[in-house]
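Every number in this text was worked out from the coordinates using simple rules, so none of it is lab data. Note that the coordinates shown come from a computational prediction; the quantities given were computed from them, not determined experimentally. Cβ coordinates were reconstructed from backbone atoms using ideal geometry, including for glycine residues, and neighbour counts include every protein chain displayed.
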Amino acid sequence: MAAQSSALDGRRLRRELNREAVIDALIAFFRIGNYNPSCSEIAARAGLSERSLFRYFDDVADLHRAAADKELTDVLQLVASAAAAQDLTHVKIERMVHARAALWERAGPAARALGANAHRHASLAAELDRYRSFLRGQLRELFAPELAARGTAVLPAMEVLCSHHSWDRLRHSQGMSAESAAAALIAALTALLAGPPDA
């Protein structure tokens, strides 16, 4: 019985390691800007046969969702605890922007991959909506006092400023350093939230 149990544990471990290798292979493609590699490319990078990929995932969308979860879920929890609603406005802005900067520096490729493939897979579109809803909710809760003073009409602008699209534009289209991009977002959010309400 002990030998049988050990063999079963070994198979489970091998399965988990192979599954992680496939996820890591897909993430590696995301990081070089290939958001929709072929199954043969993923398998080759993972060191597995193409046929074996779907021993570990239901379909391509399931694989993409697992890769996004690995990149985004842990970091999102750090973003959620960046500041508290009762903190001073300028403190909340600075901490939230730096947390979002860390998020997009690490997980931006996975977020772009979700966006690039969401139109082809309903499950990926739902996953993308889930992440966006989480991040929007964080802004709504964190800046509840400021939104109460200025009205919720500024929330969509805040969401756009704090999105990975804005971060990509600042970092890549405009060639800004991470520090300069963060400073630009802090200035924009400060103008929205910390200036006179009737400005």
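Quick notes on this structure:
- Which of His121, His64, His165 has the fewest Cβ neighbours within 10 Å, and the rest in rising order: His165, His121, His64
- Within the chain, helix-based [θ] at 222 nm, where runs of 4 or more DSSP H residues each add -39,500 (n - 2.57), nearest 500: -24500 deg cm²/dmol
- Dipole magnitude of the chain about its Cα centre (Cβ charges: Lys, Arg +1; Asp, Glu -1), debye to nearest 20: 360
- Arranged from fewest to most other beta-carbon atoms within 10 Å of their beta carbon, Ser180, Ser173 become Ser173, Ser180.
- Estimated inter-spin distance, Asp62 and Arg130, nm [label 7 Å along Cα→Cβ]: 1.5
- Remark: Ser166, Ser49, Ser123 ranked as Ser49, Ser123, Ser166, counting other beta-carbon atoms within 10 Å and listing the fewest first.
- Answer label for semi-axes √(5λ) of the Cα gyration tensor in Å (calculated), chosen among (1) 24, 18, 17; (2) 34, 17, 15; (3) 39, 18, 14: (3)
- The distance between label points at Arg12 and Ser177 comes to 4.9 nm (points 7 Å beyond Cα on the Cα→Cβ vector).
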